[in-house]
1. Grab the other residues whose beta carbon is less than 15 angstrom from that of Gly192, score K and R as +1, D and E as -1, and report the net.
2. Which order, highest average first, do 301-310, 211-220 follow once you tally other Cβ atoms within 10 Å for each residue and take the mean per peptide?
3. With both partners inside segment 128-269, how many of the DSSP beta bridges are antiparallel, as a percent to the nearest 5?
4. What ranking of Met210, Met326, Met231 emerges when the number of other C-beta atoms within 10 Å of each C-beta is taken as an exposure proxy, fewest first?
5. If packing is taken as the average number of other Cβ atoms within 10 Å across a peptide's residues, how do 385-394, 353-362, 244-253, 107-116 rank, most packed first?
6. Excluding Val276 itself, calculate the net charge of residues whose Cβ lies under 12 Å from the Cβ of Val276, where each Lys or Arg counts +1 and each Asp or Glu counts -1.
7. How high is the relative contact order of segment 128-269, in percent, with contacts defined as C-alpha pairs under 8 Å that are six or more residues apart?
8. Report the label-to-label distance for Arg299 and Gln69 in nanometres (one decimal), using points 7 Å from each Cα along the Cα→Cβ vector.
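A short reminder: the numbers here are calculations on the coordinates, not readings from a lab. Fair warning: this is a prediction, and the values are worked out from it, not measured in the lab. No Cβ is skipped: glycine too gets one built from the backbone with ideal geometry, and neighbour counts run over all protein chains shown.
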Amino acid sequence: MKAAGVLAATLLLLGGGYVAADAVDAVPGPLTTRRVIPEPAPYPDPTVVPAVAPTVAGAPALVPVGDLQYLVDELAAGTTLSASLVDLATGEVVGAAEPTTPRPPASSLKLLTAAAALEDLGPGHTRATTATWDGTTLTLVGGGDLLLSVGDAAEEDAGAPRASLTDLAGQVAGRLGEAAVALAVDDTLFTGPVHAADWGAIDRLFVMPMASLAVGAGRSDGSTWDPDPAMTAARLFAAELTAAGVTVESDPVRAASPAGATEVGRVESAPLSEVVRHTLKESDNSVAEALGRLVSLERGGPGTAEGATAAVSAAITELGLPTAGMVLWDTSGLSSGTRVTTELLTGLLVASLGHPRLRSLVPSLPVAHLDGTLVERIGEAAGQVRAKTGTLLTVVSLTGVVRTDSGGAVAFSVILPALEPGGVEAGRQRLDEFVTLLASAGG
């Protein structure tokens, strides 16, 4: 990609306004209709690179940052790690440590999943949750939206918009009137085991049992995982139908929508670019797993965990990125068996800046000390860093773009893969200090 395109896009990505989110990536870590714009969280004068017009012409030139190997060497002293730094003004690698050694990326893996979804499905792609009617049974049909809501979607306090089961029930009532119905839920879009094969009990604490529809990403009460997200959504839909004047004669059952049934209601998700933003900002494991399955289905594969990993792997390989040693066991990063290189992760970031379908990738990353999983991190470089966090029991990672004080910009990825138990917080602090030094380097 031409350097001019990289620098203009980078300045855009590191500029602009930011809104607060409430995610905390304690471990690694939507599809919706109404976009809710929350009030910006107050913050005392962070240093934020000014926004520029979205064109190459007129964008200020990036300053080359020079050799940053000394910073990588200091970080690597006495530590097992992989790191890759790329100067976005020149496209050159300016620091590295075992960049081609595959390591467990933790939630930095979500960048690959997000890129595969954007590339295969497109930034404007949406998913539908529908209701069908065959004369006796009303069927709620899941289409891959895990962030369904109940009530007025405009009242949601989350950054991502939500498709409302209340709206869907109102549409059904408008078509059927005060009918009496049996209710079923069709969650056949996703198949196979609800968890990845190598996830243990701890991993399953941080992701819902996979289904093709859910309320609140599988936490309909806002806190605990629903043991059966699709059935929970059906029960909540039944209550909304009752409130809208439709009589639901019995508890919902699980059944495929009958052939020839008539669609009597539909709510659409937000565009995929918004879904990706939610996934990366919040480090949402459940939505990342759903995105992988949707990529598989788009490619003609199954809506399974294995289909998802194969499809994401294929999509990333087709982008022409360095995928040697890549092994995916899931699409969220929960698996300790997954392996990718920091060379691949930085290569993806650089490539995304000039790729029509991937341009929303870096702008969707958490911003240092301002939002998402970085809301309480990297305070000394607030607003200068966009990065995906990653945490497992003995792994931390950080992958993103930093704007330097000297007027340069660096794409970076660092994985610390062999921390002592209990060493995660210290590992995070080391990464935060490293990125802070990157922000003050160069020139």
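1. Cβ neighbours under 15 Å give a net charge of -4.
2. Per-residue mean Cβ counts within 10 Å order the peptides as 211-220, 301-310.
3. 45 percent
4. Met231, Met326, Met210
5. 107-116, 385-394, 353-362, 244-253
6. Computed value for this residue: +2.
7. 39 percent
8. Rounded to a tenth, the inter-label distance reads 3.7 nm.
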